[in-house]
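Report on one structure; see the data block that follows.
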Amino acid sequence: MKRLLFSTTIVSLILCSQAQAFFEEEGRCQKRDLRGNWVSYQNEVLKNPHTGVCKFSIENGRTEGTCDFSLKNDQGNPLTGLKFTGEATVKEDCSAELTMDFTPLPFKSTFELQLHRDKKSFVGRWENTFGALGTASGVKQ
C-alpha cells in the first residue's frame, strides 16, 4: 500500500511539474512567435483620418510587405501597393514593436503591439514620421 501511495504521489508530482512548465512556456512569447504571414488593419485618428490594410511577412525579425491606404495622392489616386521593409521584435510578455519603412517615400511607421495569448493576433497603436497616430489590429494567416 505504501508503495502504491508513494508511486501515485511521484506520478502526480511529475505531471503537475510538466503541466506547470507547459503553461509557463505557453504564456511567454519568443521571436519565433512573430514568424509568418500577417494582415493588419489600421486607422488614423489624429491628423488625417484614414484606414489601411497591410499584408506582410516576418522572418528572423525582418518584415516585408505592402499596404493599401484610403488616402489619396496629389493626383487624387488612392495610395495602394506601397511596399515597405522593417523590423519586428517581441518581449517575453508578448509586447512587440514593428517598424514599416516606406523608402523611397519619406515616411516610416512604428507600431507598439500586444500579441494575444494564442500568438495569432495583436492589437496596438502606431505613429509615423508626420505625427499621425492610430490604432492597429492584425491576424496571422
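The values are calculated or read from the model by the stated rules, or taken from the named source; none is laboratory data. What you see is a predicted model, and the numbers here were worked out from it, not measured in a lab. Backbone-built Cβ (ideal geometry, glycine too); neighbour counts: all protein chains shown. Side chains are part of the model used for accessible areas, which takes the heavy atoms of the whole protein and leaves out ligands, DNA and RNA. Shrake-Rupley method; radii C 1.70, N 1.55, O 1.52, S 1.80 Å.
Please work out if ASP74 is at pLDDT 95 or above and open to solvent by 70 Å² or more (accessible area, probe 1.4 Å).
Against the criterion (at pLDDT 95 or above and open to solvent by 70 Å² or more (accessible area, probe 1.4 Å)), ASP74 does not qualify.
Listed by first and then second residue, the pairs linking a residue in the range 84-108 that is outside any strand (DSSP E or B) to a residue that is open to solvent by 70 Å² or more (accessible area, probe 1.4 Å) and charged (D, E, K, R), with Cβ atoms under 7 Å apart and 6 or more places separating them unless they lie on different chains, are GLU92/ARG28; PHE102/LYS108.
You will find that of PRO104, PRO49, the residue that is exposed (fewer than 12 other Cβ atoms within 10 Å of the Cβ) and modelled with pLDDT of 85 or more is PRO104 and no other. Scan the range 81-90 and give yes if some residue there is open to solvent by less than 40 Å² (accessible area, probe 1.4 Å) and either over 20 Å from SER137 (Cβ atoms) or under 12 Å from the mean Cα position of the chain (by Cα) (or both), otherwise no. The answer is yes; a qualifying residue exists. Annotation note: Cβ proximity below 6 Å between a residue of the range 109-129 that is more than 14 Å from VAL45 (Cβ to Cβ) and a residue that is open to solvent by less than 70 Å² (accessible area, probe 1.4 Å) and in a loop (DSSP other than H, G, I, E, B) (sequence gap 6+ or interchain) occurs for LEU115/CYS29; LEU115/CYS94; THR129/PHE107.
Close contacts from the range 43-59, counting a first residue that is within 12 Å of LEU71 (Cα to Cα) and a second that is acidic (Asp, Glu) and outside any loop (DSSP other than H, G, I, E, B), with Cβ to Cβ under 7 Å and a gap of 6+ residues or different chains, come to HIS50/GLU44; GLY52/ASP68; VAL53/ASP68.
Test THR66 against the criterion of being in contact with a strand residue (DSSP E or B) (Cβ under 9 Å, 6 or more places away or on another chain), without any contact (Cβ under 8 Å) to a residue 24 or more places away in the chain, polar (S, T, N, Q) and outside any strand (DSSP E or B), and give yes or no.
no
Checked across the range 35-44, the condition of being acidic (Asp, Glu) and under 19 Å from GLY124 (Cα atoms) holds for at least one residue.
Say whether the condition of being farther than 14 Å from GLY138 by Cα and either part of a strand (DSSP E or B) or modelled with pLDDT of 95 or more (or both) is met by at least one residue in the range 17-24. No, the range 17-24 contains no residue that is farther than 14 Å from GLY138 by Cα and either part of a strand (DSSP E or B) or modelled with pLDDT of 95 or more (or both). Return the residue satisfying two criteria in turn: it lies in the range 107-124 and is over 15 Å from VAL39 (Cα atoms) and of a type in the set (D, E, K, R), and of such residues it is most open to solvent (accessible area, probe 1.4 Å). By that ranking, first place goes to ARG117.
Quick grid of which residues meet (1) of a type outside the set (Asp, Glu); (2) at pLDDT below 95; (3) under 24 Å from CYS29 (Cα atoms):
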{"site": "LYS91", "(1), (2), (3)": "yes, no, yes"}
{"site": "ALA96", "(1), (2), (3)": "yes, no, yes"}
{"site": "SER109", "(1), (2), (3)": "yes, no, yes"}
{"site": "ARG117", "(1), (2), (3)": "yes, yes, yes"}
{"site": "GLY124", "(1), (2), (3)": "yes, no, yes"}
{"site": "GLY131", "(1), (2), (3)": "yes, yes, no"}
{"site": "SER137", "(1), (2), (3)": "yes, no, yes"}
